[in-house]
């Protein structure tokens, strides 16, 4: 595909800058300008290497699709280059180490594409450091908000590496869940833009209030200040672009729909027992920081027919799964459409996939239970084969950097509480190839935590930040009793959208990982 005018323009005005940020919405086309920038820098003898860090699986898309396609379009007569994608499953053997060294030592323009999550590997970190020491490089961080936590090891590592790269680019479609998220991203770009220290940055732009949760004192962010000054500081170094302004003639998006279901008696009994137990813990003040998220996830699991166990398994709940019945109904109602179904848990993917196949609906999987190669084949089948109507997957494997634009409906069967993840997952069906209006459907349990979470997410509020205040969670649980029947209750009171515990989202996610390993399988 040839570059669009907005891609050519951004390259023309920024290619020679040491650092720049493209904060463009998903599907606007952030990747191609980075390849074009690299080619210009190489032709000017300013770089001979490129390091690209991207989410899991997306780095292979860079290596297999974005780079070769863009280079072949720009250089139809041929171009000498070497493109290498780090494969975590092979890393560690002496044979692979030799293969990496051979691939990265060539004299031509050399690309190293790696998974951001694999930065936990000492071998990958060493490989990147040796690579940027051996040649002048362009560093590209795709979805740079993965590096928003200044205390995370991968962020600190990337700050060190960035200082050794003469040219740096950061890309993100969702960089501003909090103004504080900008500091580490721009520190990687250029420490001079927002200052070299995080604490003075927080002090300058944050409004804090000290609160006590039992014996624990926490500095709560109650708001922000001087944001016009912050915008002015980053403006010369960044570009913001929305999908609608870039492609005004592209088909739009219909308002989201709710598809409700009532819990069957067996599910309702298990749900109510767990809900009452959690309310008692909250009222007694026995809840740890990690537990609020675990509570919501456990309740959501029960409403879908299982609950995670301590040995990383799942225990089935006796009774009928009305959630999956409602999903099948929604798909059957859309007989001419292609549909993307997102699930929070692997067990949900299995339930949804089995139920759809049993109903005679041809579908494919896109989650961690399928190899990367098979996921690519399944995605291609969904995009190209009229007989494949549905893809069922998890946002962690397909919600970032993947194209599912053949779909006209996105159904969230079970829900992530991370607002950015949800936005990214929905935007997979949007793009320049979009030929139809798209719609979002939320499968929602009546009088369950689903309703409360849907309300918060609909207000563009991140649920994780809200429930750090346990009083919000207690109110949420008390107002979602199944004993209330089908009567709707008033929406929960929302704290300021910017109010959050001083615990970062990445730290909260780490705590969640420790308590719910099964959610990542």
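Considering each residue of region 153-179, count those that are more than 22 Å from residue 11 (Cα to Cα) and either assigned to a helix (DSSP H, G or I) or at pLDDT below 95 (or both), and give that number. Show your work before the answer.
Step one: list which residues in region 153-179 are more than 22 Å from residue 11 (Cα to Cα), which gives 153-161, 163-164, 176-179.
Those left that are additionally either assigned to a helix (DSSP H, G or I) or at pLDDT below 95 (or both): 153-161, 176-179.
Final tally of qualifying residues: 13.
Here is a list: 358, 320, 380. Which entry is assigned by TED's automatic domain parsing to the domain that holds residue 271, at pLDDT 90 or above, closer than 30 Å to residue 63 by Cα and surrounded by fewer than 15 Cβ atoms within 10 Å (Cβ to Cβ)?
None of the other options fit; the residue is 380.
Based on this model, can you work out whether residue 328 counts as buried (at least 21 other Cβ atoms within 10 Å of the Cβ) and either within 20 Å of the chain's Cα centre (by Cα) or assigned by TED's automatic domain parsing to the domain that holds residue 262 (or both)?
Details: buried (at least 21 other Cβ atoms within 10 Å of the Cβ): no; either within 20 Å of the chain's Cα centre (by Cα) or assigned by TED's automatic domain parsing to the domain that holds residue 262 (or both): yes.
No: the conditions fail for residue 328.
Regarding residue 305, is this residue on the phi > 0 side of the Ramachandran plot, free of Cβ contacts under 8 Å to residues at least 24 places away in the same chain and not assigned by TED's automatic domain parsing to the domain that holds residue 55? Talk me through it step by step, then tell me what you get.
Details: on the phi > 0 side of the Ramachandran plot: yes; free of Cβ contacts under 8 Å to residues at least 24 places away in the same chain: no; not assigned by TED's automatic domain parsing to the domain that holds residue 55: yes.
It is false that residue 305 is on the phi > 0 side of the Ramachandran plot, free of Cβ contacts under 8 Å to residues at least 24 places away in the same chain and not assigned by TED's automatic domain parsing to the domain that holds residue 55.
Yes/no matrix, rows are residues, columns are (1) touching a helix residue (DSSP H, G or I) at 6+ places or on another chain (Cβ under 8 Å); (2) without any contact (Cβ under 8 Å) to a residue 60 or more places away in the chain; (3) surrounded by 19 or more Cβ atoms within 10 Å (Cβ to Cβ):
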site: 127; (1), (2), (3): yes, yes, yes
site: 132; (1), (2), (3): yes, no, yes
site: 157; (1), (2), (3): yes, yes, no
site: 167; (1), (2), (3): yes, no, yes
site: 173; (1), (2), (3): yes, no, yes
site: 189; (1), (2), (3): yes, no, yes
site: 198; (1), (2), (3): yes, yes, no
site: 203; (1), (2), (3): no, yes, no
site: 216; (1), (2), (3): no, yes, no
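For region 407-422, which positions are touching a residue at least 40 places away in the same chain (Cβ under 8 Å) and closer than 23 Å to residue 326 by Cα? Outline the logic, then answer.
Filtering region 407-422 down to residues touching a residue at least 40 places away in the same chain (Cβ under 8 Å) leaves 407-420.
Correct list: 407, 408, 409, 410, 411, 412, 413, 414, 415, 416, 417.
Just to verify a result, which residue in region 130-147, among those that are outside any helix (DSSP H, G or I) and more than 12 Å from the chain's Cα centre (by Cα), is nearest to residue 116 (Cα to Cα)?
Step one: of region 130-147, the residues outside any helix (DSSP H, G or I) are 135-143.
Applying the additional criterion that residues be more than 12 Å from the chain's Cα centre (by Cα) yields 135-141.
Values: 135: 21, 136: 21, 137: 18, 138: 16, 139: 13, 140: 11, 141: 9 Å.
Going through the qualifying residues, I end up with 141.
In this structure, is residue 274 in a loop (DSSP other than H, G, I, E, B), within 31 Å of the chain's Cα centre (by Cα) and assigned by TED's automatic domain parsing to the domain that holds residue 296?
On the way: in a loop (DSSP other than H, G, I, E, B): no; within 31 Å of the chain's Cα centre (by Cα): yes; assigned by TED's automatic domain parsing to the domain that holds residue 296: yes.
Here the answer is no, as residue 274 does not meet what is asked.
In region 180-256, which strands (runs of 3 or more DSSP E) lie fully inside it and hold 1 or more residues that are farther than 22 Å from residue 141 by Cβ, over 24 Å from the mean Cα position of the chain (by Cα) and not assigned by TED's automatic domain parsing to the domain that holds residue 405?
Details: elements: 206-213, 216-224, 238-241.
In region 180-256, 206-213, 216-224 are the strands (runs of 3 or more DSSP E) which contain 1 or more residues that are farther than 22 Å from residue 141 by Cβ, over 24 Å from the mean Cα position of the chain (by Cα) and not assigned by TED's automatic domain parsing to the domain that holds residue 405.
What number of residues within region 398-438 are touching a strand residue (DSSP E or B) at 6+ places or on another chain (Cβ under 6 Å), surrounded by fewer than 21 Cβ atoms within 10 Å (Cβ to Cβ) and at pLDDT below 85?
Within region 398-438, residues that are touching a strand residue (DSSP E or B) at 6+ places or on another chain (Cβ under 6 Å), surrounded by fewer than 21 Cβ atoms within 10 Å (Cβ to Cβ) and at pLDDT below 85 number 0.
Give the number of residues within region 238-262 that are touching a strand residue (DSSP E or B) at 6+ places or on another chain (Cβ under 6 Å) and more than 30 Å from residue 447 (Cβ to Cβ).
Total satisfying the criteria: 4.
Under 18 Å from residue 450 (Cβ atoms) and in contact (Cβ under 8 Å) with a residue 60 or more places away in the chain, is that true of residue 375? Write out each step before concluding.
Numbers: under 18 Å from residue 450 (Cβ atoms): no; in contact (Cβ under 8 Å) with a residue 60 or more places away in the chain: yes.
When the stated conditions are applied, residue 375 does not pass them.
The values are calculated or read from the model by the stated rules, or taken from the named source; none is laboratory data. As the structure is a prediction and not an experimental result, all values here were calculated from the model. We place every Cβ from the backbone using ideal geometry, glycine too, and count neighbours over all the protein chains shown.
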